[in-house]
Amino acid sequence: MPIGQLIYFLVDGEIERYYNAKGDAKYNQRTEKPVESMMWKNRF
């Protein structure tokens, strides 16, 4: 069973690379419905 943990950090300073500007961003398209996981696109 996969188990995960989320940790949130306050962003301090300037953002160098916005997520929506990444060429390999998986969740950039706006949709009206929830989107299934695209974990299969990850590179290990």
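Quick notes
- Screening the candidates Tyr27, Tyr18, Tyr8 for the property of being surrounded by 10 or more Cβ atoms within 10 Å (Cβ to Cβ) and under 14 Å from the mean Cα position of the chain (by Cα) yields one hit, Tyr27.
- Verdict on Arg17 being in contact with an Asp or Glu (Cβ under 9 Å, 6 or more places away or on another chain) and either of a type outside the set (Asp, Glu) or modelled with pLDDT of 80 or more (or both): no
The values are calculated or read from the model by the stated rules, or taken from the named source; none is laboratory data. Only a predicted model underlies this, so the values are computations on that prediction, with no experimental measurement involved. In this analysis, Cβ positions are derived from the backbone assuming ideal geometry, glycine residues included, and neighbour counts consider all displayed protein chains.
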